[in-house]
Amino acid sequence: MASLLITSPVLAQPKPTAQQKQQAGELVKQAIAKSQANDHEAAIELYLGAYAIVPLPLLLSNIGSEYKTLARPVEALKYFCKYLDAEPTGSNASYASSEAKVLQIQLGNTTVDDKAVCAPPPPIVEKKAPEPVVVVPPPIIVPPPAHAAPGRALEYAGLGIAGLGAIGLAFGIGFGLQASSISDTISNHDPSQPWPADIAQQERDGQAAEDKQVILMTVGGIVLVGGAVLFLLGRSKAHHELTVTPSAGAGTVGVVFAGGF
């Protein structure tokens, strides 16, 4: 890059003097050293200083690369596109075009056209957290035992209801693992690789799995607790009808029992 500054002409600009070329070349050398030392902010400042003296378009591509390393896709896309605007068929055009497409996908423009990689990306819309879903199952009416073994029916009913609750919790855990897997896949995506074409669908699938997890874990927990209580009441040989009503309020979940003991 430093040697190019000494020999490359700049079109439509006043011809730089030998002193200006030498000064810009020194700044480029310093920028390369800073980049190799992982001081990318300083490298950007030095490249910008060199470009202000000798506006060589190739420097714009270097600045874009530094911004990408800093995980600042908006600025990186800006400078890659500045380079493509200045030298659409230049020596770095293929590289800059490829990087611009990757950055567009990162910014949400998953339908970017290969021939128009510098089209403005769509605005980023913040997703609102879903409203909490409160599911209140109907009351469970357990009749008094009609046979000679008091409380036996409650024990069986409690075991059955608790089993249903456990199944709901198991499905909730399964959806939670699915949502976590999708989140990890998106979070751990290599930024140097293009995003898959179905990235938006993956995000929707992950959100749907998370919502199902919340509902199943809540309902399953309520039903499991209700079943356990019924089993304990059966063990104590209850003789009267019992009404079990799950209840839910703002930030609370519980179970209401009514009847004689």
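Quick notes on this structure:
- In the range 45-99, inverting the average of 1/r over every pair of distinct C-alpha atoms gives 10.9 Å as the Kirkwood radius.
- Environment charge at E45 (Cβ cut-off 12 Å; Lys +1, Arg +1, Asp -1, Glu -1): -2
- By the Kirkwood approach, averaging reciprocal distances over each pair of separate Cα atoms, the range 2-106 gets a hydrodynamic radius of 13.8 Å.
- Paramagnetic reach from S187 in the range 198-217 [backbone N under 16 Å; point 7 Å along Cα→Cβ]: 203, 206-207, 210
- Other residues with beta-carbon under 12 Å from the beta-carbon of W195 carry, at +1 per Lys or Arg and -1 per Asp or Glu, a net charge of -2.
- Ordering of 217-223, 206-212, 62-68, 17-23 by packing [mean C-beta count within 10 Å, highest first]: 62-68, 217-223, 206-212, 17-23
- Counted charge near Y67, where neighbours are those whose Cβ lies closer than 13 Å (Asp, Glu -1; Lys, Arg +1): -1
- Distance between the 7 Å Cα→Cβ label points at F171 and I199: 3.3 nm.
- Using 0.36 nm per residue and subtracting the Cα-Cα separation, the extra length available between D39 and E75 on full extension is 11.3 nm.
- Extension gain for V136 to E26 (0.36 nm times residue separation, less C-alpha to C-alpha distance): 32.4 nm.
- In this simple spin-label approximation, D85 and K115 carry label points 7 Å from Cα along the Cα→Cβ vector, and these lie 2.1 nm apart.
Bear in mind these aren't lab numbers, they're just calculated from the coordinates by the rules spelled out. From a predicted model like this one, the values you see are computed outputs, not experimental measurements. Counting neighbours? That spans all protein chains shown, and the Cβs are built from the backbone with ideal geometry, glycine included.
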